[in-house]
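The values are calculated or read from the model by the stated rules, or taken from the named source; none is laboratory data. Everything numeric here is computed off the predicted structure, so don't read it as measured data. Quick reminder, even Gly has a Cβ in these numbers, built from the backbone with ideal geometry, and neighbours come from all protein chains shown.
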Amino acid sequence: MKIAVIGGSGLIGSKVVKKLGEQGHEAVPASPKTGVNTLTGQGLDDALAGADVVVDVSNSPSFEDAAVLDFFRTSTGNLLAAEKEAGVGHHVALSVVGTEERPDVGYFRAKLAQEKLIEESGIPFSIVHATQFFEFAHQIADAATDGGTVRMPSVLFQPVAGEEVAQAVEKAAVEAPLNGRTEIAGPERFRMDVFFREALAAWGDPREVVTDQNAPYYGGVMREPDLVPADGATLGEVTYTDWLAADSGK
């Protein structure tokens with residue numbers, strides 16, 4: 001199959017392209033780096049020509065409420081319109097666990113808007129909900145830093161390796177459309193404050209992790225169980241300890 005991967009030059013997209021290629025599919029990475037801009041529509045027609053499936057793992061460059069909402073509405077609208085013109089038969093999108101439960105949180109609201117556009121497009125679809133990636137742990141800690149402390153709520157948290165997210169997206173792309181959602185999460189469930197306290201110690205980071213139930217995440221105060229998947233989710237096999245050891249050895 002020919003599969004266009006929007007965001008195919010990024011963290012997850014590059015892994016998806018590689019996995020699809022290893023399975024014998026023609027995987028076409030499409031991103032601003034390859035001359036494709038979903039916000040303006042530049043390069044979309046050429047990237048989607050002859051594509052059987054489109055995988056969208058792109059992300060907004062800004063997480064500010066209005067900017068991220070505009071990104072997903074505009075980008076997804078342009079992409080779906082181009083898919084209809086090209087006769088694409090399956091749209092696969094990567095989203096996040098918690099969109100339906102927390103539409104009051106800016107980023108989650110934007111992803112939910114994206115999902116609704118996909119659902120209403122008439123194009124057969126599959127949406128992969130993922131928990132937070134191990135690869136973003138440092139960024140999450142930095143965003144929660146206040147002086148020399150990292151403020152984290154004590155809510156359930158089940159992060160996953162990016163490689164296993166890419167595997168779930170690749171699987172969705174080559175199988176029949178779900179016309180629904182599937183979820184992928186890591187094998188271990190933590191309290192968020194405990195995870196980051198242990199993670200910073202493993203990094204040799206001197207910042208202190210302070211438990212703060214009102215500490216914001218993606219602009220909102222998280223509740224139980226906003227950041228963990230529902231029963232029946234696919235669980236990865238890579239633990240954070242194993243991922244960290246492998247990543248440190250690169």
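Remarks
- Residues of region 206-227 satisfying the condition of being at pLDDT 90 or above, touching a Phe, Trp or Tyr at 6+ places or on another chain (Cβ under 7 Å) and farther than 11 Å from PRO153 by Cα: LEU227
- Only residues that are surrounded by fewer than 22 Cβ atoms within 10 Å (Cβ to Cβ) and under 12 Å from ARG109 (Cα atoms) were counted in region 72-86, giving 1.
Here's the yes/no breakdown for (1) surrounded by fewer than 17 Cβ atoms within 10 Å (Cβ to Cβ); (2) under 17 Å from GLN132 (Cβ atoms); (3) not small (Gly, Ala, Ser):
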{"residue": "MET192", "(1), (2), (3)": "no, yes, yes"}
{"residue": "PHE196", "(1), (2), (3)": "no, yes, yes"}
{"residue": "ARG207", "(1), (2), (3)": "no, no, yes"}
{"residue": "GLN213", "(1), (2), (3)": "yes, no, yes"}
{"residue": "PRO216", "(1), (2), (3)": "yes, yes, yes"}
{"residue": "PRO225", "(1), (2), (3)": "yes, yes, yes"}
{"residue": "GLY232", "(1), (2), (3)": "yes, no, no"}
{"residue": "VAL238", "(1), (2), (3)": "no, yes, yes"}
{"residue": "TRP243", "(1), (2), (3)": "no, yes, yes"}
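- Positions within region 94-115 being of a type outside the set (Ser, Thr, Tyr), part of a loop (DSSP other than H, G, I, E, B) and under 18 Å from GLY180 (Cβ atoms), in sequence order: VAL97, GLY98, GLU100, GLU101
- Matching residues, region 107-157, being hydrophobic (A, V, I, L, M, F, W, C) and within 12 Å of the chain's Cα centre (by Cα): PHE108, ILE127, VAL128, ALA130, PHE133, PHE134, PHE136
- Residue in region 88-106 that is crowded, with 17+ Cβ neighbours inside 10 Å, out of contact with any Cys (no Cβ under 9 Å at 6 or more places or on another chain), closer than 14 Å to VAL5 by Cβ and of a type in the set (S, T, N, Q) present: no
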